[in-house]
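K.L.:
Please find one structure pasted underneath; my questions will follow.
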Amino acid sequence: MNGLDLTSGADYSAARRLLFRDSYSIESPSQIITWWEKRRLPFNIAVGATGLFSLVGMAMANSLARGEFFAGPPLLAIFACGVAANMLYTSGWFIELLLRPVFVQRTGTVGAALFRYGLAFSVGLTLLPAGLSAVSVVAQLVSRIL
């Protein structure tokens, strides 16, 4: 890596620039927060699209199992999930700033890892209702057969 700046340059893919950061640069707190905030919109798009997929999956599972359309959770619950996801997202850069004295020059690597794991966790958590609905449908179909 030899101090390469992974956040710029045509040599790196957009995904690499989104998910990784130079581990050898010493960044100011404002640079760390800026790095995170530039990724908030892609994070929200990924989690929001996953949420939409999950809602459609739950509606399909419910219609298969019961023959009725599932309207989904109330709009307030969807809004609350979005707010909670963004509050947890903000905790990512806050935790990175707290870990700065511990990891010194490797803070960028730790911060990027926090982002990747947080994104994966958020997407997985958002898919959980659809997965549980699918398992429920399979269990109901199996019980009908037996």
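K.L.:
Run the quick spin-label model on V102 and S143: label points 7 Å from Cα toward the beta carbon, then report their separation in nm to one decimal.
P.N.:
For V102 paired with S143, the spin-label model returns 4.5 nm.
K.L.:
If you don't mind, there's one more thing I want to ask. At F53 and A14, where each label point lies 7 Å from the Cα along Cα→Cβ, what is the point-to-point distance in nanometres?
P.N.:
For F53 paired with A14, the spin-label model returns 1.7 nm.
K.L.:
Same structure, new question: Given 0.36 nm per residue, what is the gain on full extension from I78 to L41 after removing their alpha carbon distance, in nm? Could you put the intermediate results ahead of the total?
P.N.:
Working: separation 37, 0.36 × 37 = 13.32 nm, distance 1.73 nm.
Difference between extended and current length: 11.6 nm.
K.L.:
Is segment 33-145 rounded, prolate or oblate when judged by the Cα gyration tensor, a ≥ b ≥ c being the square roots of its eigenvalues, rounded requiring a/c under 1.5 and prolate requiring a/b larger than b/c? Can you show the working numbers first?
P.N.:
Details: a/c = 3.93, a/b = 2.51, b/c = 1.56.
Prolate, because a/c is 1.5 or more and a/b exceeds b/c.
Taken together, the values in this text are just the output of simple stated rules run on the coordinates, not laboratory data. The structure displayed is predicted, hence computed values, not measured ones. Because the Cβ atoms are built from the backbone with ideal geometry, glycine has one as well, and the counts that use them run over all protein chains shown.
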